Amino acid sequence: MRIGVDIGGSKIEAVALGGNGGELVRRRVATPAGDYAATVRAVADLVGGIERETGRSGSVGVGIPGALSAATGLVKNANSVYLIGRPLDRDLAAALERPVRLANDANCFALSEASDGAGQGASVVFGVILGSGVGGGLVVDGRVLGGANAIAGEWGHNPLPWPGDDERPGPDCYCGKRGCIETFLSGPGLARDYADAAGRALGAEEIAARAGDGAGGGGDDAPDADAAAALARYEDRLARALATVVNVVDPDVIVLGGGLSNVGRLYRRLPALLPRYVFSDQVTTRVLPPRHGDSGGVRGAAWLWPEATP
(Lines give C-alpha, C1' and ligand atoms only; values in the text may rest on other atoms or scores of the structure.)
Protein backbone atom coordinates (compact mmCIF):
# COMPACT_ATOMS: atom_id res chain seq x y z
CA MET A 1 0.00 0.00 0.00
CA ARG A 2 1.19 3.48 -0.89
CA ILE A 3 0.11 6.47 1.20
CA GLY A 4 0.33 9.96 -0.24
CA VAL A 5 -0.04 13.20 1.69
CA ASP A 6 -0.47 16.67 0.21
CA ILE A 7 0.23 19.62 2.53
CA GLY A 8 -1.70 22.59 1.21
CA GLY A 9 -2.32 26.06 2.48
CA SER A 10 -5.84 25.31 3.70
CA LYS A 11 -6.00 21.51 3.93
CA ILE A 12 -3.85 18.44 4.36
CA GLU A 13 -5.12 15.52 2.30
CA ALA A 14 -4.04 11.90 2.44
CA VAL A 15 -4.87 8.94 0.21
CA ALA A 16 -4.00 5.26 0.26
CA LEU A 17 -3.47 3.47 -3.06
CA GLY A 18 -3.42 -0.27 -3.60
CA GLY A 19 -0.76 -1.98 -5.63
CA ASN A 20 -2.60 -1.31 -8.89
CA GLY A 21 -3.13 2.39 -8.10
CA GLY A 22 -6.74 1.99 -7.03
CA GLU A 23 -7.87 4.28 -4.21
CA LEU A 24 -8.50 2.54 -0.89
CA VAL A 25 -9.31 5.43 1.41
CA ARG A 26 -9.01 9.21 1.51
CA ARG A 27 -8.94 11.63 4.43
CA ARG A 28 -8.42 15.36 4.87
CA VAL A 29 -8.09 17.86 7.71
CA ALA A 30 -7.64 21.62 7.92
CA THR A 31 -4.02 22.75 7.80
CA PRO A 32 -2.84 24.18 11.13
CA ALA A 33 -1.36 27.11 9.21
CA GLY A 34 1.65 28.69 10.81
CA ASP A 35 2.12 25.86 13.32
CA TYR A 36 4.92 23.56 12.23
CA ALA A 37 4.70 21.07 15.08
CA ALA A 38 0.94 20.75 14.65
CA THR A 39 1.42 20.15 10.92
CA VAL A 40 3.79 17.27 11.60
CA ARG A 41 1.27 15.82 14.09
CA ALA A 42 -1.58 16.23 11.61
CA VAL A 43 0.28 14.27 8.95
CA ALA A 44 1.15 11.52 11.44
CA ASP A 45 -2.48 11.34 12.61
CA LEU A 46 -3.79 11.09 9.04
CA VAL A 47 -1.39 8.27 8.18
CA GLY A 48 -2.18 6.47 11.44
CA GLY A 49 -5.92 6.78 10.81
CA ILE A 50 -5.60 5.36 7.30
CA GLU A 51 -3.55 2.42 8.51
CA ARG A 52 -6.03 1.62 11.28
CA GLU A 53 -8.91 1.79 8.81
CA THR A 54 -7.25 -0.46 6.25
CA GLY A 55 -5.46 -2.72 8.70
CA ARG A 56 -2.30 -2.30 6.63
CA SER A 57 0.91 -0.30 6.81
CA GLY A 58 2.24 1.62 3.86
CA SER A 59 5.04 3.67 2.38
CA VAL A 60 4.58 7.43 2.80
CA GLY A 61 5.25 10.17 0.24
CA VAL A 62 4.52 13.83 0.93
CA GLY A 63 3.96 16.72 -1.44
CA ILE A 64 4.79 20.19 -0.19
CA PRO A 65 4.48 23.73 -1.61
CA GLY A 66 8.26 24.07 -1.77
CA ALA A 67 11.34 21.86 -2.04
CA LEU A 68 14.12 20.41 0.06
CA SER A 69 17.41 22.22 -0.38
CA ALA A 70 20.16 19.94 -1.64
CA ALA A 71 22.65 22.08 0.29
CA THR A 72 20.98 22.13 3.71
CA GLY A 73 18.33 19.43 3.67
CA LEU A 74 15.82 22.04 4.83
CA VAL A 75 12.64 23.25 3.14
CA LYS A 76 13.07 26.22 0.79
CA ASN A 77 10.92 28.19 -1.67
CA ALA A 78 7.69 27.36 0.20
CA ASN A 79 4.73 29.73 -0.01
CA SER A 80 3.68 28.20 3.33
CA VAL A 81 6.51 30.14 4.90
CA TYR A 82 6.36 28.40 8.30
CA LEU A 83 7.83 25.31 6.60
CA ILE A 84 10.92 27.16 5.37
CA GLY A 85 14.14 26.18 7.12
CA ARG A 86 12.64 23.04 8.65
CA PRO A 87 13.91 19.44 8.27
CA LEU A 88 10.41 18.27 7.38
CA ASP A 89 11.37 14.90 5.91
CA ARG A 90 13.37 13.98 9.02
CA ASP A 91 10.71 15.18 11.43
CA LEU A 92 8.00 13.25 9.60
CA ALA A 93 10.21 10.15 9.47
CA ALA A 94 10.68 10.37 13.23
CA ALA A 95 6.96 10.86 13.85
CA LEU A 96 5.99 7.98 11.55
CA GLU A 97 8.94 5.73 12.43
CA ARG A 98 9.78 4.99 8.80
CA PRO A 99 11.45 6.68 5.82
CA VAL A 100 9.42 9.45 4.18
CA ARG A 101 9.91 10.86 0.68
CA LEU A 102 9.15 14.53 0.02
CA ALA A 103 8.69 16.33 -3.29
CA ASN A 104 7.36 19.61 -4.60
CA ASP A 105 3.58 19.48 -5.10
CA ALA A 106 3.93 20.28 -8.81
CA ASN A 107 6.34 17.36 -9.16
CA CYS A 108 3.77 15.15 -7.43
CA PHE A 109 1.08 16.30 -9.86
CA ALA A 110 3.34 15.49 -12.82
CA LEU A 111 4.23 12.09 -11.38
CA SER A 112 0.58 11.21 -10.82
CA GLU A 113 -0.38 12.07 -14.39
CA ALA A 114 2.67 10.23 -15.75
CA SER A 115 2.03 7.11 -13.63
CA ASP A 116 -1.66 6.44 -14.24
CA GLY A 117 -3.08 9.67 -15.61
CA ALA A 118 -3.20 11.60 -18.86
CA GLY A 119 0.51 11.00 -19.52
CA GLN A 120 0.52 7.29 -18.78
CA GLY A 121 2.86 5.44 -21.11
CA ALA A 122 4.74 8.56 -22.23
CA SER A 123 8.49 8.74 -21.74
CA VAL A 124 8.70 12.47 -20.89
CA VAL A 125 5.81 14.30 -19.20
CA PHE A 126 5.75 17.96 -18.20
CA GLY A 127 3.08 18.74 -15.62
CA VAL A 128 1.98 22.37 -15.41
CA ILE A 129 0.24 24.15 -12.54
CA LEU A 130 -1.80 27.19 -13.61
CA GLY A 131 -3.48 28.49 -10.47
CA SER A 132 -2.72 31.08 -7.82
CA GLY A 133 0.87 30.58 -8.94
CA VAL A 134 2.62 28.87 -11.85
CA GLY A 135 4.68 25.75 -11.29
CA GLY A 136 5.78 22.66 -13.10
CA GLY A 137 7.22 19.21 -12.73
CA LEU A 138 9.15 16.97 -15.10
CA VAL A 139 8.90 13.18 -15.15
CA VAL A 140 11.26 11.08 -17.27
CA ASP A 141 10.68 7.33 -17.63
CA GLY A 142 8.42 7.29 -14.59
CA ARG A 143 10.71 9.23 -12.25
CA VAL A 144 10.60 12.85 -11.14
CA LEU A 145 13.57 14.87 -12.37
CA GLY A 146 14.47 16.99 -9.36
CA GLY A 147 17.70 18.53 -10.64
CA ALA A 148 20.97 19.47 -8.96
CA ASN A 149 19.32 22.43 -7.23
CA ALA A 150 15.90 20.79 -6.67
CA ILE A 151 14.24 23.31 -9.00
CA ALA A 152 13.69 21.34 -12.22
CA GLY A 153 10.40 22.40 -13.75
CA GLU A 154 10.27 25.87 -12.15
CA TRP A 155 9.45 27.52 -15.45
CA GLY A 156 7.22 30.11 -13.76
CA HIS A 157 10.26 32.13 -12.69
CA ASN A 158 11.76 32.50 -16.12
CA PRO A 159 10.94 35.71 -18.00
CA LEU A 160 8.03 35.72 -20.42
CA PRO A 161 9.53 34.86 -23.84
CA TRP A 162 9.40 37.16 -26.85
CA PRO A 163 7.71 40.02 -24.96
CA GLY A 164 6.00 42.84 -26.78
CA ASP A 165 6.66 46.47 -25.90
CA ASP A 166 3.48 46.50 -23.82
CA GLU A 167 4.74 43.49 -21.83
CA ARG A 168 8.07 44.99 -20.79
CA PRO A 169 9.42 45.15 -18.12
CA GLY A 170 6.42 43.24 -16.77
CA PRO A 171 4.75 43.12 -13.36
CA ASP A 172 6.72 42.81 -10.15
CA CYS A 173 7.12 39.22 -8.94
CA TYR A 174 7.41 38.17 -5.30
CA CYS A 175 10.75 36.55 -6.18
CA GLY A 176 12.22 40.05 -6.55
CA LYS A 177 12.33 40.18 -10.34
CA ARG A 178 9.93 41.55 -12.93
CA GLY A 179 8.15 39.96 -15.87
CA CYS A 180 8.24 36.36 -14.64
CA ILE A 181 5.95 33.93 -16.45
CA GLU A 182 4.00 33.52 -13.21
CA THR A 183 3.01 37.19 -13.19
CA PHE A 184 1.28 36.72 -16.56
CA LEU A 185 -0.06 33.16 -16.44
CA SER A 186 -1.31 32.74 -12.87
CA GLY A 187 -4.96 33.33 -12.09
CA PRO A 188 -4.13 36.69 -10.47
CA GLY A 189 -2.01 37.52 -13.53
CA LEU A 190 -4.95 36.95 -15.88
CA ALA A 191 -7.19 39.03 -13.60
CA ARG A 192 -4.64 41.87 -13.53
CA ASP A 193 -4.31 41.88 -17.30
CA TYR A 194 -8.09 42.03 -17.72
CA ALA A 195 -8.44 44.86 -15.19
CA ASP A 196 -5.66 46.87 -16.84
CA ALA A 197 -7.34 46.61 -20.26
CA ALA A 198 -11.03 46.71 -19.32
CA GLY A 199 -10.89 49.09 -16.37
CA ARG A 200 -12.89 46.77 -14.13
CA ALA A 201 -12.09 43.77 -11.96
CA LEU A 202 -13.06 40.15 -12.57
CA GLY A 203 -11.61 36.88 -11.29
CA ALA A 204 -9.89 34.47 -13.65
CA GLU A 205 -12.78 31.97 -13.64
CA GLU A 206 -15.31 34.67 -14.51
CA ILE A 207 -13.08 36.01 -17.28
CA ALA A 208 -12.88 32.54 -18.84
CA ALA A 209 -16.64 32.10 -18.55
CA ARG A 210 -17.38 35.49 -20.12
CA ALA A 211 -14.91 34.77 -22.91
CA GLY A 212 -17.24 32.02 -24.04
CA ASP A 213 -15.42 28.95 -22.75
CA GLY A 214 -15.27 28.62 -18.98
CA ALA A 215 -14.97 25.56 -16.76
CA GLY A 216 -18.22 24.22 -18.12
CA GLY A 217 -17.13 24.53 -21.76
CA GLY A 218 -18.95 27.73 -22.60
CA GLY A 219 -22.31 29.34 -21.90
CA ASP A 220 -25.33 30.57 -23.77
CA ASP A 221 -24.49 34.26 -23.44
CA ALA A 222 -22.55 36.08 -26.13
CA PRO A 223 -18.83 36.38 -25.30
CA ASP A 224 -17.64 39.55 -23.58
CA ALA A 225 -15.17 41.27 -25.92
CA ASP A 226 -12.79 42.36 -23.14
CA ALA A 227 -12.78 38.90 -21.60
CA ALA A 228 -12.26 37.23 -24.98
CA ALA A 229 -9.32 39.54 -25.73
CA ALA A 230 -7.77 38.88 -22.31
CA LEU A 231 -8.05 35.13 -22.74
CA ALA A 232 -6.58 35.33 -26.25
CA ARG A 233 -3.58 37.24 -24.84
CA TYR A 234 -3.30 34.62 -22.12
CA GLU A 235 -3.29 31.78 -24.64
CA ASP A 236 -0.56 33.38 -26.74
CA ARG A 237 1.59 33.99 -23.67
CA LEU A 238 1.04 30.41 -22.50
CA ALA A 239 2.06 29.12 -25.93
CA ARG A 240 5.23 31.22 -25.88
CA ALA A 241 6.13 30.03 -22.39
CA LEU A 242 5.45 26.36 -23.14
CA ALA A 243 7.40 26.61 -26.41
CA THR A 244 10.57 27.31 -24.45
CA VAL A 245 9.94 24.12 -22.44
CA VAL A 246 9.42 22.16 -25.66
CA ASN A 247 12.59 23.64 -27.15
CA VAL A 248 14.65 22.52 -24.15
CA VAL A 249 13.00 19.28 -22.97
CA ASP A 250 10.77 18.23 -25.91
CA PRO A 251 8.21 16.36 -23.79
CA ASP A 252 5.83 13.82 -25.27
CA VAL A 253 2.94 15.18 -23.21
CA ILE A 254 2.15 18.42 -21.39
CA VAL A 255 -0.59 18.02 -18.78
CA LEU A 256 -2.23 21.18 -17.47
CA GLY A 257 -3.34 21.39 -13.84
CA GLY A 258 -4.60 24.04 -11.45
CA GLY A 259 -7.78 26.08 -11.75
CA LEU A 260 -7.07 27.41 -15.23
CA SER A 261 -6.70 23.87 -16.58
CA ASN A 262 -10.52 23.82 -16.56
CA VAL A 263 -10.67 26.29 -19.47
CA GLY A 264 -11.64 23.93 -22.24
CA ARG A 265 -10.57 26.03 -25.20
CA LEU A 266 -6.91 25.91 -24.11
CA TYR A 267 -6.73 22.36 -25.44
CA ARG A 268 -7.90 23.51 -28.86
CA ARG A 269 -5.93 26.74 -29.06
CA LEU A 270 -2.52 25.70 -27.74
CA PRO A 271 -1.81 23.02 -30.39
CA ALA A 272 -2.50 25.66 -33.04
CA LEU A 273 -0.32 28.31 -31.37
CA LEU A 274 2.71 26.25 -30.35
CA PRO A 275 4.11 25.81 -33.90
CA ARG A 276 4.55 29.60 -34.14
CA TYR A 277 7.19 29.46 -31.41
CA VAL A 278 8.66 25.93 -31.26
CA PHE A 279 11.92 25.48 -33.18
CA SER A 280 10.71 22.57 -35.29
CA ASP A 281 8.95 21.87 -38.58
CA GLN A 282 6.22 20.05 -36.66
CA VAL A 283 4.97 19.90 -33.06
CA THR A 284 3.58 16.55 -31.96
CA THR A 285 3.63 17.29 -28.21
CA ARG A 286 0.16 16.61 -26.82
CA VAL A 287 -1.44 19.15 -24.47
CA LEU A 288 -3.97 17.38 -22.25
CA PRO A 289 -6.24 18.00 -19.26
CA PRO A 290 -5.49 16.05 -16.09
CA ARG A 291 -7.14 12.69 -15.61
CA HIS A 292 -7.16 12.97 -11.83
CA GLY A 293 -8.10 16.63 -11.50
CA ASP A 294 -7.43 18.10 -8.07
CA SER A 295 -6.35 14.69 -6.74
CA GLY A 296 -3.16 14.65 -8.81
CA GLY A 297 -0.90 16.05 -6.11
CA VAL A 298 -1.85 13.65 -3.35
CA ARG A 299 -1.84 10.65 -5.70
CA GLY A 300 1.58 11.66 -7.01
CA ALA A 301 2.92 11.84 -3.47
CA ALA A 302 1.91 8.20 -3.04
CA TRP A 303 3.69 7.31 -6.29
CA LEU A 304 6.98 8.72 -4.93
CA TRP A 305 7.52 5.11 -3.88
CA PRO A 306 7.61 3.09 -7.13
CA GLU A 307 7.31 -0.16 -5.19
CA ALA A 308 4.26 -0.56 -2.97
CA THR A 309 4.55 -2.24 0.41
CA PRO A 310 2.47 -5.41 0.85
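The values are calculated or read from the model by the stated rules, or taken from the named source; none is laboratory data. What you see is a predicted model; the values in this text were computed from it and never measured. Counting neighbours? That spans all protein chains shown, and the Cβs are built from the backbone with ideal geometry, glycine included.
For the stretch 218-310, please list each of the helices (runs of 4 or more DSSP H) lying entirely inside it that holds at least 1 residues being of a type outside the set (Gly, Ala, Ser) and under 30 Å from Asp166 (Cα atoms).
225-249, 266-273
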Being modelled with pLDDT of 95 or more, touching an Asp or Glu at 6+ places or on another chain (Cβ under 7 Å) and closer than 24 Å to Ala150 by Cβ narrows it down to one of Val75, Val40, so name that one.
-> Val40
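From the residues in the stretch 231-241 that are within 13 Å of Leu266 (Cα to Cα) and crowded, with 22+ Cβ neighbours inside 10 Å, which one is nearest to the chain's Cα centre (by Cα)? Quick ask: steps written out before the conclusion?
Within the stretch 231-241, the subset within 13 Å of Leu266 (Cα to Cα) is 231-239.
Narrowing the set further to residues that are crowded, with 22+ Cβ neighbours inside 10 Å leaves 231, 234, 237-239.
On the way: Leu231: 20, Tyr234: 18, Arg237: 18, Leu238: 15, Ala239: 17 Å.
Here the answer is Leu238.
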Arg268 meets each of (1) crowded, with 20+ Cβ neighbours inside 10 Å; (2) on the phi < 0 side of the Ramachandran plot with one exception, condition (1)
Among the residues of the stretch 106-125, count how many are closer than 27 Å to Gly73 by Cβ and either in the same structural domain as Ala243 (by TED's automatic domain parsing) or surrounded by 24 or more Cβ atoms within 10 Å (Cβ to Cβ) (or both).
-> 8
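Restricting the stretch 69-81 to residues that are more than 20 Å from the chain's Cα centre (by Cα) and not β-branched (Val, Ile, Thr), which is farthest from Ala106 (Cα to Cα)?
To start, the set of residues in the stretch 69-81 that are more than 20 Å from the chain's Cα centre (by Cα) comprises 70-74.
Subsequent filtering for residues that are not β-branched (Val, Ile, Thr) retains 70-71, 73-74.
Numbers: Ala70: 18, Ala71: 21, Gly73: 19, Leu74: 18 Å.
Step by step, filter the stretch 69-81, then rank; the result is Ala71.
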Select from the stretch 66-117 the residues that are in a helix (DSSP H, G or I), farther than 18 Å from Pro290 by Cα and not aliphatic (A, V, I, L, M) and list them in ascending order.
-> Tyr82, Asp89, Arg90, Asp91
In the list Gly219, Gly164, Gly137, which residue meets the criterion of being modelled with pLDDT under 95 and either in contact with a Gly (Cβ under 8 Å, 6 or more places away or on another chain) or not assigned by TED's automatic domain parsing to the domain that holds Leu74 (or both)?
-> Gly219
Among the residues of the stretch 134-159, which ones are surrounded by fewer than 22 Cβ atoms within 10 Å (Cβ to Cβ), touching a strand residue (DSSP E or B) at 6+ places or on another chain (Cβ under 7 Å) and assigned to a strand (DSSP E or B)?
-> Val140, Pro159
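Each row is one residue, and each column tells you yes or no for (1) modelled with pLDDT of 95 or more; (2) assigned by TED's automatic domain parsing to the domain that holds Val47; (3) farther than 15 Å from Asn247 by Cα; (4) touching a Ser or Thr at 6+ places or on another chain (Cβ under 9 Å).
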residue: Arg269; (1), (2), (3), (4): yes, no, yes, no
residue: Leu274; (1), (2), (3), (4): yes, no, no, yes
residue: Asp281; (1), (2), (3), (4): yes, no, no, no
residue: Glu307; (1), (2), (3), (4): no, no, yes, yes
